[in-house]
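Structure record follows, encoded as structure tokens.
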Amino acid sequence: MIPAPFTYQRASSVDEALDLAARGGDDAKFLAGGHSLLPLMKLRLAVPEVLIDIGRLHELSYVREENGHIAVGALTSHHDLSRDRLVGSELPLLAHAAGQVGDPQIRHRGTIGGSLAHSDPAADLPAVMLVLDATLVARGPSGSREIAAGDFFQGLFETSLEPGELLTEIRIPRPAQAGWSFQKFTKRAIDWAIVGAAVQGDQVALVNMGSTPLRASAVERALAGGAAPADAAAQAAEGTSPPEDINADRSYREHLARVLVGRGLAEARSRG
Amino acid sequence: MTVNGAAVGAEVADRTLLVHFLRDVAGLTATNVGCDTTSCGACTVLLDGQSVKSCTVLAAQADGHEVTTLEGLADGDGEMHPVQRAFHAEHGLQCGFCTPGMVMATVSLLAENPSPTEEQVRTGLEGNLCRCTGYHNIVRAVLAAAGEGQASR
């Protein structure tokens, strides 16, 4: 199984990548680790005519402290994120969740920017970005702009990135509340989450409960109103529209959301 | 690219996958194509020392990098790598199809964590499936290889 034919181009700088993308138009796609895009291309679910390889732009692979937030380069691999000392101490939720993506081989190649730009609602890191109040930085032909994580995920495989824009950095403030948890329910270790939940303090987001990662707003409102965690978790499925597939129907996913948010809130409080 | 220490160059189609480059161009057929969907790990090789699934890497992405396949583990005299010896001694295989990928994933795992617990071995090999379900001896082999690595230090 191989992808449909395409033209491979290699960028040696961000500027060159943007230039190639501008010339490639709608038929061009950026290739980072390729672990979301290449499987889709093999299945002909994505058929770009031009692939712009940004995998050698090492200037986009970093974690550093800047003006009170943690800046993560978009090309940082899940493996590097999961082992980074600064992420481990300041953003343990992100370090842990990055270590739960796929399997070791996938974490060696897959990147945080690629995962976010792919915008799969079943992916682990988009929900983590929501509860961490991350800001995503995109560069395009007319310069850089910042996009709040809550505005970034628009639908299944759809983001607010414009054609020709490249996600370059993720900025994450230090969490106000320390307790965190990441809950992922799968049949096999390497599978996508059937349902997942990310918790940071009283902020809660759901994996695979709609066409985008979702804030569990009803749970957050209940917690803000003083509800006990177990009572708040009972509202985890409110406002969601989970997919139905071979793994689970709607009611089972709703049940999982309530259970996982309950476990997540309990674990976060035990760490907080 | 450099494969098992030797430079290998060829003009290939842009869409050529690394696993096909290794098997069909470089003639190194230890690396198996299993599921072809980044699931089973039979095609695991080392890219700059880290385990990757070569069915989900373009040959062009590995251009200029160092690739190690199972054929590159033994030393020049044919002496097997400690991980290969451990799989042999502990009978860490049944039909053998997943074995090259298991061995390469193990080399990468032990490079990152030289003395894993049994649980760390099991999670560390979660990207490699054995359809014979021969996991018990595979885990024993990995632990034996780790022990040998410790002893020789």
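What to note about this one:
- Meets criteria (surrounded by 15 or more Cβ atoms within 10 Å (Cβ to Cβ) and either under 14 Å from the mean Cα position of the chain (by Cα) or not hydrophobic (A, V, I, L, M, F, W, C) (or both)) for A:ILE112: yes
- Any hit, the stretch A:97-108, residues being within 24 Å of B:SER108 (Cβ to Cβ), away from chain B (no Cβ under 14 Å) and not in a loop (DSSP other than H, G, I, E, B): yes
- Close Cβ contacts (under 8 Å, 6 or more residues apart or on different chains) running from residues in the stretch A:36-58 that are polar (S, T, N, Q) to residues that are assigned to a helix (DSSP H, G or I) and surrounded by 17 or more Cβ atoms within 10 Å (Cβ to Cβ) comprise A:SER36/A:GLY114; A:SER36/A:SER115; A:SER36/A:HIS118.
- Filter result for the condition that a residue is touching a Gly at 6+ places or on another chain (Cβ under 9 Å) and either over 18 Å from B:THR38 (Cβ atoms) or charged (D, E, K, R) (or both), over A:GLY24, A:GLY88, A:GLY33: A:GLY24
- Residue pairs meeting the criteria (Cβ under 8 Å; at least 6 apart or on separate chains; first within 14 Å of chain A (Cβ to nearest Cβ), in the stretch B:120-142; second outside any helix (DSSP H, G or I) and among the polar types (S, T, N, Q)): B:GLN120/B:ASN113; B:GLY124/B:ASN113; B:GLY127/B:THR44; B:GLY127/B:SER51; B:ASN128/B:THR44; B:LEU129/B:SER39; B:CYS130/B:GLN94
- Meeting the requirement of 2 or more residues that are under 18 Å from B:LEU109 (Cα atoms), under 16 Å from the mean Cα position of the chain (by Cα) and within 10 Å of chain A (Cβ to nearest Cβ), the strands (runs of 3 or more DSSP E) wholly within the stretch B:1-74 are B:44-47, B:50-53.
- Scanning the stretch B:89-109 for residues that are of a type in the set (Gly, Ala, Ser) and within 14 Å of chain A (Cβ to nearest Cβ), we see that the one that is farthest from B:ALA144 (Cα to Cα) is B:GLY101.
- For B:PRO82, the test of being within 14 Å of another protein chain (Cβ to nearest Cβ) and more than 20 Å from B:THR38 (Cβ to Cβ) is failed.
- Counted residues, the stretch A:26-53 - those being more than 8 Å from every other protein chain (Cβ to nearest Cβ) and out of contact with any Pro (no Cβ under 7 Å at 6 or more places or on another chain): 15
- Subset of the stretch B:124-141 that is touching an Asp or Glu at 6+ places or on another chain (Cβ under 9 Å) and not in a loop (DSSP other than H, G, I, E, B) - its residue that is nearest to B:THR99 (Cα to Cα): B:ILE138
- Within the stretch B:110-119, the residues that satisfy the criterion of being farther than 22 Å from A:ASP191 by Cβ and within 13 Å of chain A (Cβ to nearest Cβ) are B:LEU110, B:ALA111, B:GLU112, B:ASN113, B:PRO116.
- Filter result for B:ALA59 (among the hydrophobic types (A, V, I, L, M, F, W, C) and out of contact with any helix residue (DSSP H, G or I) (no Cβ under 8 Å at 6 or more places or on another chain)): no
- Going through (1) under 26 Å from A:ASP245 (Cβ atoms); (2) away from chain B (no Cβ under 14 Å); (3) surrounded by 23 or more Cβ atoms within 10 Å (Cβ to Cβ) one by one, A:ILE170 falls short only on (1).
All of the numbers you see were taken from the coordinates with simple rules; none came from a lab. None of the values given here were measured: they were computed from a predicted structure. Positions of Cβ are generated from backbone atoms using ideal geometry, with glycine treated the same way; all protein chains shown enter the neighbour counts.
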